[in-house]
Amino acid sequence: MLSAQERAQIAQVWDLIAGHEAQFGAELLLRLFTVYPSTKVYFPHLSSCHDATQLLSHGQRMLAAVGAAVQHMDHLRAALSPLADLHALVLRVDPANFPLLIQCFHVVLASHLQDEFTVEMQAAWDKFLTGVAVVLTEKYR
Amino acid sequence: MGAKGEYYPSKLIGKVLKIFCISNFVFDMVSFHRLLVVYPWTQRFFDSFGNLSSPSAILGNPKVKAHGKKVLTSFGDAIKNMDNLKITFAKLSELHCDKLHVDPENFKLLGNVLVCVLAHHFGKEFTPQVQAAYQKVVAGVANALAHKYH
């Protein structure tokens, strides 16, 4: 359950990301692979050569999905249903990896946005992304 | 854990360590504040600290500041003793298990928060490689603090 304040903070975070989806998404993936190398197993096409174009493209796609989740934060299950199917049936990313991605997301935002990314915004964003991760792994069994 | 040079990229650690030690006063308060705000269930260990009812109350709380300073001083010790983390933290590990009854999961949370604070402070300088080095340090500290649990 998100409070009105949390909703506003999540929207604020997204406003800071919008327009930079590819750049932030690519850095998110690069940090994920560098800090948590075991996550590379889920991205065989990306992680072996760190091709900038592919990272930007996949980063853009991932952050666009996050943006869609922000637009539908009150109806995450419905909005993310196709992605949840994909994660359950095809990707099957172990749920333990989502907190690693979330940590890298916070670091991307903190290092780029610094004072603009406040503690309260991080709290709301963490709660939101954790909710997204729950929905994405809900159909696993 | 291997020797400092193998396990941790020492040049990167050294650079951030220098800045970390000089600016320790910046990190102690904000890291603990961030932990208690972003993961509010961690407040369960600080019932005696008084007013933790809002982010600004936590920021202004003198006991939070004092405790943050203590914790971050320990992190500073960790960086100077990276080859001996389990020995360095043995007594603290026993304390957190036997007296303080802190779930070791909290050490990981604080470590992650500290990394975020460093990223916030150093901005673009906090590259993926520096983050990787620091995540290893905080993971090492968390493991060392959990080592004596029984």
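The values are calculated or read from the model by the stated rules, or taken from the named source; none is laboratory data. Quick caveat, the model's predicted, so the values are computed rather than measured. Cβ: placed from backbone, ideal geometry, glycine included. Neighbour counts: every protein chain shown. Only protein heavy atoms, including side chains, enter the accessible area calculation; ligands, DNA and RNA are left aside. Shrake-Rupley method; radii C 1.70, N 1.55, O 1.52, S 1.80 Å.
Summary table below
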item	result
Residue within the stretch A:89-96 that is part of a helix (DSSP H, G or I) and within 14 Å of another protein chain (Cβ to nearest Cβ) present	yes
Among the residues listed as A:ALA110, A:ALA26, the single one being of a type in the set (Gly, Ala, Ser) and touching a Leu at 6+ places or on another chain (Cβ under 7 Å)	A:ALA26
Cβ pairs under 6 Å, 6+ apart, first in the stretch B:107-134 and on the phi > 0 side of the Ramachandran plot, second open to solvent by less than 20 Å² (accessible area, probe 1.4 Å)	B:GLY123/A:SER111
Residue match in the stretch A:59-81 (condition: within 14 Å of another protein chain (Cβ to nearest Cβ) and at pLDDT 95 or above)	yes
Residue under evaluation B:PRO9, criteria (1) closer than 28 Å to B:HIS147 by Cβ; (2) modelled with pLDDT of 80 or more, criterion not met	(2)
Sole exception among (1) within 14 Å of another protein chain (Cβ to nearest Cβ); (2) assigned to a loop (DSSP other than H, G, I, E, B); (3) open to solvent by 30 Å² or more (accessible area, probe 1.4 Å) for B:ASP103, by number	(1)
Members of the stretch B:107-122 found to be open to solvent by 10 Å² or more (accessible area, probe 1.4 Å) and within 14 Å of another protein chain (Cβ to nearest Cβ), listed by number	B:LYS108, B:LEU109, B:LEU110, B:ASN112, B:HIS120, B:HIS121, B:PHE122
Cross-chain or 6+ apart pairs with Cβ under 9 Å, the stretch A:38-57 first and within 16 Å of A:GLN23 (Cβ to Cβ), then acidic (Asp, Glu)	A:LEU55/A:GLU27
Members of the stretch A:15-54 that are open to solvent by 70 Å² or more (accessible area, probe 1.4 Å), within 14 Å of chain B (Cβ to nearest Cβ) and in contact with a helix residue (DSSP H, G or I) (Cβ under 6 Å, 6 or more places away or on another chain)	A:LYS40
Counted residues, the stretch B:34-56 - those being assigned to a loop (DSSP other than H, G, I, E, B) and not small (Gly, Ala, Ser)	3
Of residues in the stretch B:123-139 being hydrophobic (A, V, I, L, M, F, W, C) and more than 7 Å from chain A (Cβ to nearest Cβ), the one farthest from B:LYS86 (Cα to Cα)	B:VAL130
